[in-house]
Amino acid sequence: MTTIKYRGRFAPSPTGPLHFGSLVAAVGSYLDARFNGGEWRVRIEDLDGQREVPGAAVGILKTLEQLGMEWDGEVVYQSARTHLYHDAINTLQSMGVVYSCTCSRKEIADSSIVSSQGLIYPGTCSAKDQRHFLSKVHALRIRTHNDPIEFRDRLKGICSQRLLSETGDFVLRRADGMFAYQLAVVVDDAQQQITHVVRGADLIASTPRQIYLQQLFGFLTPHYLHLPVAVNAMGEKLSKQTHAAPIDISNGLQQLVAAVQFLGQKPPVEITEGTISCFWEWAFKNWQQHLIPH
Ligand code: GLU
Ligand code: ZN
């Protein structure tokens, strides 16, 4: 068996077209992979049918192609892999770390502490007799603990979180049957043998929850690098919710230059005025992780 030295990924949610914020994550993960002689996979995180915009996944892939970004292997769609998440929950259930939660939104809002990560669920249902829940619509949560979960981010250094007090027991499967991002991302990163995760810093607080799940499953923990997040003039993260403009493909090179400059890289003038293929040729060789602002 050959060991994979570097396999990275870009994992967009198809909630709208690629915008500058998601382009930064795409470019950062792509360059880190290519600079290190690694593979770069694309995974469409389309589990949330309610937030998905029809055509967005195809549009994102097309934009990546138009920008000259070449992924390795087949694109993976989470919506086609729900059996994997189902099996993963069974595994956790057999360990006795999963419980059913029938709290309504209002009950959760009334009983939880508000944190930057959302509501910290106080574990209301964890001590209840689970037999009562079987016939009722319920979410599935995982029991957490308060031992610190630590990891070393390649940019920010050591990060640590105590899940029980900082996030609470979190959801693995919602009451409507949707598998949670935290579960799916752990299953997929392991199943796809991802060795390096490069993504926006808005997800750094999710990483300890993901490491906790990896530890329970006995999966390897990938290396993590969390990139700075692009914000608009109001200081809000660029996203569909904040009405970020789609990438204008008619000036693709300028968009790429802006993305690498945002990541602290210094493309020379002739590269910023040349072609997309010259840009990538330069960028693959000149990616400097230490220049990324943090
Ligand atoms: N699908 C997530 C997003 O678009 C990214 C997940 C990840 O990189 O772990 O924000
Ligand atoms: Zn509950």
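The values are calculated or read from the model by the stated rules, or taken from the named source; none is laboratory data. Values in this document were obtained by computation on a predicted structure and should not be read as measured data. Using ideal geometry, Cβ is built from the backbone for each residue, glycine included, and neighbour counts are taken over all protein chains shown.
Computed quantities for the displayed model
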| item | result |
| --- | --- |
| Some residue of the range 40-48 being more than 30 Å from Gln254 (Cα to Cα), more than 23 Å from the chain's Cα centre (by Cα), assigned to a loop (DSSP other than H, G, I, E, B) and away from ligand 2 (no atom under 16 Å from the Cβ) | no |
| Counted residues, the range 117-135 - those being more than 11 Å from ligand 2 (Cβ to nearest atom) and loosely packed, with under 14 Cβ neighbours inside 10 Å | 7 |
| Selection from the range 150-184 of residues that are within 27 Å of Asp48 (Cα to Cα), of a type in the set (Asp, Glu) and surrounded by 14 or more Cβ atoms within 10 Å (Cβ to Cβ) | Glu166, Asp169 |
| Selected residue (criterion: nearest to Ala190 (Cα to Cα)) from residues of the range 8-28 that are part of a helix (DSSP H, G or I) and near ligand 1 (Cβ under 8 Å from one of its atoms) | Ala25 |
| Where a residue in the range 19-44 is on the phi > 0 side of the Ramachandran plot and its partner, wherever it lies, is at pLDDT 95 or above, with Cβ under 8 Å and at least six apart | Gly37/Lys5; Gly37/Tyr6 |
| Odd one out for Val98, checked against (1) within 14 Å of ligand 2 (Cβ to nearest atom); (2) over 24 Å from Asp189 (Cα atoms); (3) at pLDDT 95 or above | (2) |
| Qualifying residue in the range 118-141 (condition: of a type in the set (A, V, I, L, M), on the phi < 0 side of the Ramachandran plot and within 16 Å of ligand 1 (Cβ to nearest atom)) | no |
| Some residue of the range 211-234 being of a type in the set (S, T, N, Q) and closer than 19 Å to Met69 by Cβ | no |
| In the range 258-271, residue surrounded by the most Cβ atoms within 10 Å (Cβ to Cβ) [restricted to those that are more than 13 Å from Leu31 (Cβ to Cβ) and of a type in the set (Val, Ile, Thr)] | Ile271 |
| Residue in the range 234-248 that is at pLDDT 95 or above, touching a Gly at 6+ places or on another chain (Cβ under 6 Å) and closer than 30 Å to Glu150 by Cα present | no |
| Breaking point among (1) more than 30 Å from Ile158 (Cβ to Cβ); (2) among the hydroxyl-bearing types (Ser, Thr, Tyr); (3) surrounded by 13 or more Cβ atoms within 10 Å (Cβ to Cβ), for Tyr212 | (1) |
| Among (1) within 16 Å of ligand 1 (Cβ to nearest atom); (2) within 16 Å of Leu183 (Cα to Cα); (3) hydrophobic (A, V, I, L, M, F, W, C), the one test that Ile60 misses | (2) |
| Wholly enclosed helices (runs of 4 or more DSSP H) of the range 187-285 bearing at least 1 residues among the hydrophobic types (A, V, I, L, M, F, W, C) and closer than 30 Å to Arg143 by Cβ | 207-217 |
| Test: residue in the range 89-110 that is within 16 Å of ligand 1 (Cβ to nearest atom) and surrounded by 12 or more Cβ atoms within 10 Å (Cβ to Cβ) | no |
